[in-house]
Amino acid sequence: STIVLVYEAPPNFQFNITPGQKVRVGQALGDV
Amino acid sequence: VADAWNNTPTKWYPLPIGVGALLLAAVQFRKEQRKRNEPEVVTDGNGTVVKVKHPWQVNVLGALPLRNLSRLWGYLNSLELPVWARPTGYRLYAWVFGCNLNEIEPSDLRSYKSLGDFFYRGLKPGARPVANTALVSPADGTVIHFGVIDDHQIEQVKGVTYSVDALLGIPSSNPAHEVEFAARPTADVDDQEFASVNGIDYSLGQLLGHTALEDPEAEAMEEGTISRPDSPTGIKDVSTTPNDSVDHLQKTAEVAATLGSQSTPPLTRKATGRVKPGNQLYFTVIYLAPGDYHRFHSPTAWVVERRRHFAGELFSVSPFLVKRLANLFVLNERVALLGRWRYGFFGMVPVGATNVGSIKVNFDKKLRTNLPERPAPPSPGTYSEATYHSASALLRGQPLVAGQEMGGFCLG
């Protein structure tokens, strides 16, 4: 199963993740 | 057997003509019936007939009874296991797939009646602290891909893209299919520029539903005052959350405060989900492996205004197949939850797979996925839609706070 998030954000939105990284519920994905 | 094989004489004789004719008629009838059930041709907005093209891998995999296999898998995993076998069986499963048994709730393995029950296990309170950032992970899993959506295309893997419009629901010639949430760049784009979905080209006008915007009847339908009888996607409000519960009111207040003055008002047909000037569309894809915790949570404080259920195929979504099968996420059965957060449009799309074809949404008890009936082929715009407008009179949708459990994936 997969979850796809699609969202609008200002251009200063920064991802805190890398491809292939293991994440858990509540872990930061990105911030403005 | 050897004796029969070697010594039984083979006698050939012609079939009666009547039997042959019946066989040919049956084959032809089956072919015609299959043609009728699978509308391989659709018309674009100009009335031009175009054919739906699938990659050859889709045709090969599509020939497999994946939905039936998925349902059989779900049935087998719902069978109650003897109590004495549960701890050993679940520990073996946890060892093979790397589950952490120290964080599950309830911790007594004997309390899980079946493997399906164990698969949908919960977590102890506080097992997943929620970070204080704009966006948090909705699930345990692996980040497959993320980035900025460029020209309505999401990159599935390097070089292989699929359309965000197809993922969330694109408009067809039927106004009921128009998409007001599928955000698009504010910069003017030539109407001759096309988006291609499964081999079908659509004009920008069709994508935006411009025709529908000028249709007063369609406007009235959006407002719920009339219904269009030929609409394949009757839009109904399915809010089930009691509006007067303390918990609901608290969450509503919390989400309203988070959205604050920057919040986007409820998106209407006229809003067409345009991205605010200066904003961009981003995407993140998270893959849940079989051993992962399979419930999903809210990734931020947002308001879910509607859901679109796409009854598609149930291909595996393992990274192996994702790299090899284009448009995988657009072909599979999925539930697009659409709404808004403090920065504008927000969408979350749980995508089913062969082993986990059932998607549950806690605040939508009427949603049924992985039904036994074989759905129509995965053609663009085929979905059923429901709204959550009455869940909150203030926010016109289902309010969710970051980290709040939303639903999950079940076996089969």
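Key figures
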read-out: For B:Thr369, distant residues with modelled amide H under 5 Å away; value: B:Ile359
read-out: Built amide H within the under 5 Å cut-off of B:Asn332, gap 5+; value: B:Glu313
read-out: Cβ-based net charge around B:Ala131, under 11 Å, with every Lys or Arg adding one and every Asp or Glu removing one; value: +1
read-out: Sequence-distant residues sharing a close amide H with A:Gly30 (under 5 Å, placed H); value: A:Asn16, B:Leu135
read-out: Rounded if a/c under 1.5, otherwise prolate or oblate - the range B:53-149, Cα gyration tensor axes; value: oblate
read-out: Local net charge near B:Asp140, Cβ-Cβ under 12 Å (Lys/Arg +1, Asp/Glu -1); value: +3
read-out: Fewest-first ranking of B:Arg110, B:Arg71, using other Cβ atoms within 10 Å as the exposure measure; value: B:Arg110, B:Arg71
read-out: Average beta-carbon neighbours from other chains, 10 Å sphere, peptide B:341-354; value: 4
read-out: Given A:Lys22/B:Lys366; B:Lys251/B:Lys366; B:Lys31/B:Lys360, the pairs whose alpha carbons are separated by over 25 Å; value: A:Lys22/B:Lys366; B:Lys31/B:Lys360
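Read the figures in this text as sums done on the coordinates, not as results from a lab. Since we're looking at a predicted model, the values are computed, not measured. With ideal geometry, Cβ positions are generated from the backbone for all residues, glycine too; neighbour counts draw on all protein chains shown.
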